[in-house]
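Chemist: Before we start, here is the structure in question, set down as structure tokens.
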Amino acid sequence: MPYASLASENLMIKKKLFEWLGAITAIAYSLLVAANIGVEFFGFVLLLLSALSLGFWAYLGKHKGILLLQLFYVLAAVIGMIRWF
């Protein structure tokens, strides 16, 4: 069963990676938008990356409510990027 153990460990690493990537990019997005320094478009890009990362994490962990929230954030990020131009 070493293969099953390796696959399980690999999945756990992926979950942690997406969880922390999503959290860190969300923090950066929040700070950039709150600073109001003219880099809001880049902030929306970070929001999109965060939402996709946390959405994938939620999908892997079967967190349906968080997945729904992240789908909304993806939509908000896309709308923000379009309206910024």
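Read-outs throughout are calculated quantities, based only on the coordinates presented, and are distinct from any laboratory measurement. A quick note: this is a predicted structure, and the numbers were derived from the prediction, not measured. Note that each Cβ is placed from the backbone with ideal geometry, even for glycine, and that neighbours are counted across all protein chains shown.
Chemist: Extending each Cα 7 Å along its Cβ direction at K15 and L69, get the distance between those two points in nm, one decimal.
Modeler: Those two pseudo-labels are separated by 1.7 nm.
Chemist: Report relative contact order for segment 2-84 in percent, whole number only (criteria: Cα-Cα under 8 Å, sequence separation at least 6).
Modeler: Details: 80 pairs, mean separation 24.7, N = 83.
With pairs under 8 Å counted, the relative contact order is 30 percent.
Chemist: Which value in nm describes the separation of the simple spin-label points at A35 and R83, placed 7 Å from the Cα toward the beta carbon?
Modeler: 2.3 nm
Chemist: State the label only: which of [x] 24, 15, 11; [y] 21, 14, 12; [z] 30, 13, 9 corresponds to semi-axes √(5λ) of the Cα gyration tensor in Å computed from the shown model?
Modeler: Here semi-axes √(5λ) of the Cα gyration tensor in Å agrees with entry [z].
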